[in-house]
1. Could you list which residues have their amide H under 5 Å from that of I77, counting only those 5 or more apart in sequence or on another chain, with H placed in the peptide plane?
2. Going through region 63-128, which trypsin sites (Lys or Arg not before Pro) have at most 10 other Cβ atoms within 10 Å and a DSSP loop state?
3. What aspartates and glutamates sit close enough to K89 to cross-link, taking a C-alpha to C-alpha distance under 12 Å and skipping anything fewer than 8 places away on the same chain?
4. Can you compute the helix-only [θ] at 222 nm over the chain? Use -39500 (n - 2.57) per DSSP H run of at least 4 residues, normalise by all residues, nearest 500 deg cm²/dmol.
5. Looking at the chain, which longest stretch skips every one of the chymotrypsin sites (Phe, Trp or Tyr not before Pro) that is in a DSSP loop with at most 16 other Cβ atoms within 10 Å, leaving the sites themselves out?
6. If R0 is 41 Å, what FRET efficiency do you get for I5 and R114 from their C-beta distance, rounded to 0.05?
7. Just to check I understand the Karplus step: with θ = phi - 60° and J = 6.51 cos²θ - 1.76 cosθ + 1.60, what whole-Hz values come out for region 111-116, glycine and proline as x?
8. Does region 70-119 come out rounded, prolate or oblate, given a ≥ b ≥ c as the square roots of the eigenvalues of its C-alpha gyration tensor, rounded meaning a/c under 1.5 and, failing that, prolate meaning a/b above b/c?
Amino acid sequence: MGLVIVSWARWMEPLASQKAGVPTGYGGPWQDGVAAIFQFLRRSAKQVIFISDTPYLPQSAPDCVAGHVSDVRPCAIKRSDATVLPAIKAAELRIAKQEQINSIDPTSWFCAPRICPVIVGNILVHHDKSHMTTEWSRFIAPVLEDAILRTM
């Protein structure tokens with residue numbers, strides 16, 4: 001297998017039960033499972049790239065914008081609040097590096113240094129709490145392409 005790009009979303013605190021056959025010692029059952037996935041993919045593909053989760057909003061971006069038509073700034077979220085389970089995300093990125101998996105953290109594609117806006121230019125970034133709009137996807141496609149090519 002040539003290139004595998006892997007990503008997932010974290011929605012809740014990972015379960016605390018260890019599964020048989022999964023390596024241990026990476027920080028907990030979720031992290032151990034992440035390591036197992038990375039180890040399997042590294043053995044199975046020439047190149048593996050992990051794209052970490054995107055920012056998460058506390059409410060639907062279109063709903064917030066509809067309620068703040070004249071000034072959407074209240075819809076922005078602090079960058080530090082936009083990551084679900086930040087310690088888990090940090091562990092995933094650390095394990096990727098440890099397991100020799102190239103990783104991409106797309107947070108800066110959605111957020112400025114301090115805030116994550118819901119509109120950039122004339123583009124609505126999210127179509128709900130966590131999924132990007134088609135327009136934003138098209139807009140950042142060259143950035144993703146560049147990031148993938150740099151990791152290869």
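1. Answer set, sorted by chain and number: C116.
2. Values: sites: K78, R79, K89, R94, K97, R114; in loops: R114.
For trypsin sites (Lys or Arg not before Pro) across region 63-128 that sit outside H, G, I, E and B with at most 10 neighbouring Cβ atoms in 10 Å, the list reads R114.
3. The qualifying aspartates and glutamates are E13, D53, D105.
4. Details: 5 runs with 58 residues, N = 152.
Rounded to the nearest 500, the figure is -11500 deg cm²/dmol.
5. On the way: sites that count: W8, W11.
Result, exposed sites excluded: 12-152.
6. Numbers: r = 29 Å, r/R0 = 0.71.
Once the sixth-power term is evaluated, E becomes 0.90.
7. Computed from phi, the couplings for region 111-116 are 10, 7, x, 10, 9, 10 Hz.
8. Working: a/c = 4.57, a/b = 2.57, b/c = 1.78.
Judged from the Cα gyration tensor, region 70-119 comes out prolate (a/c at least 1.5, a/b above b/c).
Bear in mind these aren't lab numbers, they're just calculated from the coordinates by the rules spelled out. In this text, all values refer to a predicted model and were calculated from it rather than measured experimentally. In this analysis, Cβ positions are derived from the backbone assuming ideal geometry, glycine residues included, and neighbour counts consider all displayed protein chains.
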